[in-house]
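Every number in this text was worked out from the coordinates using simple rules, so none of it is lab data. No experiment lies behind these values; they were computed from the predicted model shown. In this analysis, Cβ positions are derived from the backbone assuming ideal geometry, glycine residues included, and neighbour counts consider all displayed protein chains.
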Amino acid sequence: MADPALVASDPFVHRFLLRALAMAVLLGVAGGLVGCVLLLRRIVLMADSFSHALLPGIGLAYIWFGPGHAGLFAGAAVAGLGTALMSGLINRLTRLQEDAAFGSLFVLCLAGGVILLSRQAAPVDLLHYLFGNILGVTGADLWLVCATTCSTVIALALFYRPVLMDTFDPAFHRVSGGRSLATHLAVLAAVVLNLIAALQAVGIVLALGLFILPAATAYLWCERFGAMLLLSAIYGGLMSGAGLLLSWHLDLPSGACMVAALGSGFVVSLLASPRHGLLGRLLPTRRHFAHDDGPEDCATP
Amino acid sequence: MSADRALVCHDLTVCYRKRPAVHHLDCALPCNGLVGVVGPNGAGKSTLLHAILGWLPLSGGSITWDGHAVETRRGVISWLAQRRTQDAGFPVDARTVVDSGRYAVRGAFAGFRDDDRAAVEAAMAEMHVAQFASRPFAELSGGQQQRVLIARALASGAQVLLLDEPLTGLDAPSADDLLRRLRDWAAGGRLVVAVIHDLAVVRAWCSEVLLLNRSAIACGPTAATMSEANLARCYGPPPEIGHHHG
């Protein structure tokens, strides 16, 4: 447990905490954006597989290059992208579908990663990668996250149209000359990079929370893709930061608090969203009918 | 627009999973009309459409539109799938769906110009979807969604529209409405090719028909082509050929 005097002090005077706060906000913004694409493309669980598949890459990098962050991130990137490639090949060359290939590979990768890390590192290191430690991040870690977040925002702004078209209707995107496979691979690459960026902060186990919870929350409120992206990014950034500050004041694990803070808004939205929440579905609303212009106006001349 | 344009398949062979699903097909589908593609299950109807779209390689022969190989005319051919390929829960309004037809023309980065907006407005007016332009796509009825998707294809500048069983899931008034709009659109020098199972619908709405069972059994004006003899050759005896689906 942390020193009670430290916990009670103003968090904004501590440089390491400011660094962690900046990282939480940046991760929340990027996670919120990537999460929207994952949710709408229905590949959330594939992203979960990715996060577990990073572990053997970290293990091998630890063995070969030591505990330096650059090596570990490179190892994670190779493992994540390798898993994506392997799953694609298994899907095309065997009877297995892509989700089954991902599912099979990720448990293998997780087991391999645990074995590798348990042989080489102290148990605390293993827990560090499983659950993260955002308060221990360095300036270099922050720059990595900053670069990843900026890249994600810029890439999504530039490729907004292909992402929208391919996510809404991949067949039409293809007919129109769009590069559906390239778009899919770019999305997977963005997932891997953002997972790696989140590894240090929240760890492999909770990383998906930064992606899916802001996106699911925004999805319950928004009727347009652009609005969903915006709300998800803002909500992700704010609540990740709030969760970190909460963890500081309550002396609780930071990664878990960030995910819990993101989850609190999700639960409220699940109940209270007027159009898509539980209460909205259970209670009769006049708004819906007022908005409707008839069951079918196909007879319009 | 020329009235002489046609989608022509010459000695066409297309394989699906290494087996010829369509072989030595010769047909000419003229513009200004709604062409029905008719045949039993496994006759190669969807395979033919996929080959026209360039999704399946040709094992032999050629496909041309307006005298040019279809590979060089990609922008003019659009498609509406048998099963909905759109994500039903995607947060998007009807106008944005139609706008995305122009994205196909403009590419990823170019700004939306006045002529893009005009094309979108014209397509929405033609398919009578302007009145629910701001409504979420997911909340529209099946018939309305079909019309929005066709408006998207029109906005993209398509001259040929391929539809694989477009009437699936539509009630009779919605189906009639859709067919009327397609026929009217095609009358302006364009072509609609639709796989339709209901032979009564084909007789009522299609100007031309292609009877297909791996190769062309017959192709031409609907009344003359859909003779009992041709249908029997297409579906094979016993001629229980009316109103089935699948």
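Descriptive notes on the structure:
- Mean partner shielding of peptide B:100-110, defined as the number of other chain Cβ atoms within 10 Å of each residue Cβ, is 5.
- Over region B:177-224, relative contact order from alpha-carbon pairs under 8 Å, at least 6 apart, %: 25 percent
- With a Förster radius of 25 Å applied to the C-beta separation of residue A:230 and residue A:22, the computed FRET efficiency comes to 0.75.
- Prolate/oblate/rounded label for the protein assembly as shown (Cα gyration tensor, a/c 1.5): prolate
- Contact order relative to length of region B:1-153, as percent, for alpha carbon pairs under 8 angstrom and 6 or more apart: 21 percent
- Selection from A:192, B:60, B:196, by position along the positive dipole direction of the protein assembly as shown (Cβ): B:60
- Springs between Cα atoms under 10 Å define the GNM used for chain A, and in it the highest mean-square fluctuation of A:202, A:268, A:34 occurs at A:268.
- Cysteines without a disulfide-compatible partner [chain B; Cβ-Cβ under 4.7 Å]: B:9, B:15, B:31, B:206, B:234
- 5 angstrom amide H check on residue B:189, placed H, neighbours 5+ away: B:32
- Helical content alone sets the calculated 222 nm signal of chain B at -10000 deg cm²/dmol, taking -39,500 (n - 2.57) per DSSP H segment of four or more residues and averaging over every residue.
- Sorted peptide list for A:229-240, A:170-181, A:206-217, B:55-66, criterion being average Cβ within 10 angstrom, highest first: A:206-217, A:229-240, A:170-181, B:55-66
- Projecting the Cα atoms of A:22, A:60, A:247 onto the charge dipole of the protein assembly as shown (Cβ charges, centred on the Cα centre) puts A:60 farthest toward the positive pole.
- Prolate/oblate/rounded call for chain A, Cα gyration tensor, a/c under 1.5 rounded: oblate
- Between 0 and 90°, nearest 10: helix A:98-120 axis offset from chain A longest Cα axis: 10 degrees
- When you restrict to C-alpha pairs under 8 Å that are six or more residues apart and normalise by the size of chain A, the relative contact order lands at 29 percent.
- Helical content of chain A, expressed as a calculated mean residue ellipticity at 222 nm, amounts to -27000 deg cm²/dmol (DSSP H runs of 4 or more residues, -39,500 (n - 2.57) each, divided by residue number, nearest 500).
- Tensor-based shape of chain B (alpha-carbon gyration tensor, a/c under 1.5 rounded, otherwise prolate or oblate): prolate
- Of interest is the spacing of the C-alpha centroids, which for region A:254-284 and region A:167-194 amounts to 29 Å.
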